[in-house]
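Quick notes on the structure that follows.
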Amino acid sequence: MAAPAFAVQPDEIMSDPARESRARDLSRELRCMVCQNQSIDDSEAPLARDLRLLVRERIAAGDSDAQVIDFLVARYGEFVLLKPRLEPRTLLLWLVPPLALAGGGLALWFQSRRRSRSAAAADPSVYKLTAEEEARLEQLIAAEPVPDKHA
């Protein structure tokens, strides 16, 4: 099994291991604007490299993690975050999945209740033969020749 390959190049790595760790953590939270479903830590796109270098520059300049994130959001928009912030303008983004799941569960519950009610409400007389049908069945059975078992 191969170890996961990261796109971070040796020339990008900071000399201070603590700062490099911060840079890697931040890079995992930021979306590659080219790949869109990869973090900039995993992407080999030139823009992802530029963003990784920008993160490291901001850390080297003494910015906190929040300041680095705020800088990138101000520059590239909320889309740069792989996990958007919970804010009034992103509330719908956060609420749609649980609401859709709850709606699907309710729809299944109503469907199962409707099926059980329709099965219980079925008219049992539909499954019984009328007197004429029973008489006709008896005639048909009596008129049928008995099979010869010796043949």
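The values are calculated or read from the model by the stated rules, or taken from the named source; none is laboratory data. Remember, predicted model here, so these are calculated numbers, not experimental data. Here Cβ is always computed from backbone atoms with ideal geometry, including for glycine, and neighbour counts include all displayed protein chains. For accessibility, only protein heavy atoms count, side chains too; no ligands or nucleic acids. Shrake-Rupley method; radii C 1.70, N 1.55, O 1.52, S 1.80 Å.
Summary table below
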| item | result |
| --- | --- |
| Helices (runs of 4 or more DSSP H) contained entirely in the stretch 39-151, each with at least 3 residues that are open to solvent by 50 Å² or more (accessible area, probe 1.4 Å), modelled with pLDDT of 85 or more and touching a Leu at 6+ places or on another chain (Cβ under 9 Å) | 65-76 |
| Candidate set from the stretch 4-29 (those that are assigned to a loop (DSSP other than H, G, I, E, B) and touching an Asp or Glu at 6+ places or on another chain (Cβ under 7 Å)); member that is least open to solvent (accessible area, probe 1.4 Å) | A7 |
| Filtered residues of the stretch 70-102 (kept if in contact with a strand residue (DSSP E or B) (Cβ under 7 Å, 6 or more places away or on another chain) and more than 18 Å from A7 (Cβ to Cβ)) | V73, F79, L81 |
| Residue under evaluation C32, criteria (1) of a type outside the set (A, V, I, L, M); (2) at pLDDT 90 or above; (3) open to solvent by less than 60 Å² (accessible area, probe 1.4 Å), criterion not met | (2) |
| Residue in the stretch 97-113 that is closer than 19 Å to V8 by Cβ and of a type in the set (D, E, K, R) present | no |
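Residue-wise test of (1) touching a strand residue (DSSP E or B) at 6+ places or on another chain (Cβ under 9 Å); (2) among the β-branched types (V, I, T); (3) under 22 Å from K83 (Cα atoms).
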site	(1), (2), (3)
P10	no, no, no
S21	no, no, yes
D25	no, no, yes
C32	yes, no, yes
Q38	yes, no, yes
D42	no, no, yes
I59	no, yes, yes
S64	no, no, yes
